[in-house]
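Engineer: If you scroll down you'll find the structure; I have some questions about it.
Only the coordinates and a few stated rules stand behind these numbers; no lab work does. Quick caveat, the model's predicted, so the values are computed rather than measured. Methodologically, a virtual Cβ is constructed for each residue, glycine included, from the backbone with ideal geometry; neighbour enumeration extends over all protein chains shown.
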Amino acid sequence: MIFVTVGNAKQQFSRLLDGIEALIRDGAIGADTVCIQRGNNPPRRIPIRLDEQFFSPEEFRSLIAEADVIVCHGGAGSLSHVFKAGKVPVVMPRRSKYGEHVDDQFNLVWQLVDVGRIIAAFEPQDLESAIRTAEGRRQDGASSPPPMVGLVATAIEELSRPRKG
């Protein structure tokens, strides 16, 4: 199963989802093997195994554990869950130049490529090759996120807490 998650950013991430849809349409991956957490994006135009806006935390962790391949954005929260599961995800960074996020995930993704924690797909045309590379691949004994991802996840968590006063 291929689990695709775009996180919960308010901006759409159609570049990733349209790329996955094109692979299904072209027969490169089977629609019955794809589960999508689409966040703030419209439902997909073709039928797939599962297409939900959001999953409960338990369902999300279960889908990550079950997935043969995880395709996600470069968000620290999603990556932290994937790394804890001991998996090597395919990551397409949300880019501010495309209006996909207020912060650009490009540099974080490059840093994670450099340490061998992810397989990057910077553009939709990179997805098929990256998915083939990721099939069945797991981290070599590493199950904790790199320190930088942990710091970013902590900062995001602190910033999202309601302010008192």
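Engineer: So in segment 75-94, with the set limited to residues that are without any contact (Cβ under 8 Å) to a residue 40 or more places away in the chain and in contact with a His (Cβ under 9 Å, 6 or more places away or on another chain), which one is surrounded by the most Cβ atoms within 10 Å (Cβ to Cβ)? Don't jump to the end; show me each part of the working.
Structural biologist: Initial filter on segment 75-94 (without any contact (Cβ under 8 Å) to a residue 40 or more places away in the chain): 81-82, 91, 93.
Right, trim to in contact with a His (Cβ under 9 Å, 6 or more places away or on another chain) and you get 91, 93.
Values: Val91: 28, Pro93: 24.
Among those that are without any contact (Cβ under 8 Å) to a residue 40 or more places away in the chain and in contact with a His (Cβ under 9 Å, 6 or more places away or on another chain), it is Val91.
Engineer: Which residue is surrounded by the fewest Cβ atoms within 10 Å (Cβ to Cβ), if the candidates are limited to segment 95-105 and must be free of Cβ contacts under 8 Å to residues at least 12 places away in the same chain and in a helix (DSSP H, G or I)?
Structural biologist: It comes out as Lys97.
For every residue, the table says whether it meets (1) free of Cβ contacts under 8 Å to residues at least 12 places away in the same chain; (2) closer than 16 Å to Gln12 by Cα; (3) crowded, with 22+ Cβ neighbours inside 10 Å.
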{"position": "Pro47", "(1), (2), (3)": "no, no, no"}
{"position": "Phe54", "(1), (2), (3)": "no, yes, no"}
{"position": "Arg61", "(1), (2), (3)": "no, no, no"}
{"position": "Asp68", "(1), (2), (3)": "no, no, no"}
{"position": "Cys72", "(1), (2), (3)": "no, yes, yes"}
{"position": "Asn107", "(1), (2), (3)": "yes, no, no"}
{"position": "Ala121", "(1), (2), (3)": "no, no, yes"}
{"position": "Glu128", "(1), (2), (3)": "no, no, no"}
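Engineer: Moving on. Which of the residues that make up segment 111-127 are more than 15 Å from the chain's Cα centre (by Cα) and either of a type in the set (D, E, K, R) or within 12 Å of Val91 (Cβ to Cβ) (or both)? Full working, then the answer.
Structural biologist: Filtering segment 111-127 down to residues more than 15 Å from the chain's Cα centre (by Cα) leaves 111, 114-116, 125.
Gln111, Asp114 - these are the residues of segment 111-127 that are more than 15 Å from the chain's Cα centre (by Cα) and either of a type in the set (D, E, K, R) or within 12 Å of Val91 (Cβ to Cβ) (or both).
Engineer: Looking at segment 2-43, which of its residues are in contact with an Asp or Glu (Cβ under 6 Å, 6 or more places away or on another chain) and farther than 22 Å from Phe122 by Cβ?
Structural biologist: Correct list: Pro43 only.
Engineer: Would you mind telling me which numbered condition in (1) under 18 Å from Met1 (Cβ atoms); (2) among the small types (Gly, Ala, Ser); (3) surrounded by 17 or more Cβ atoms within 10 Å (Cβ to Cβ) Ala28 fails?
Structural biologist: (3)
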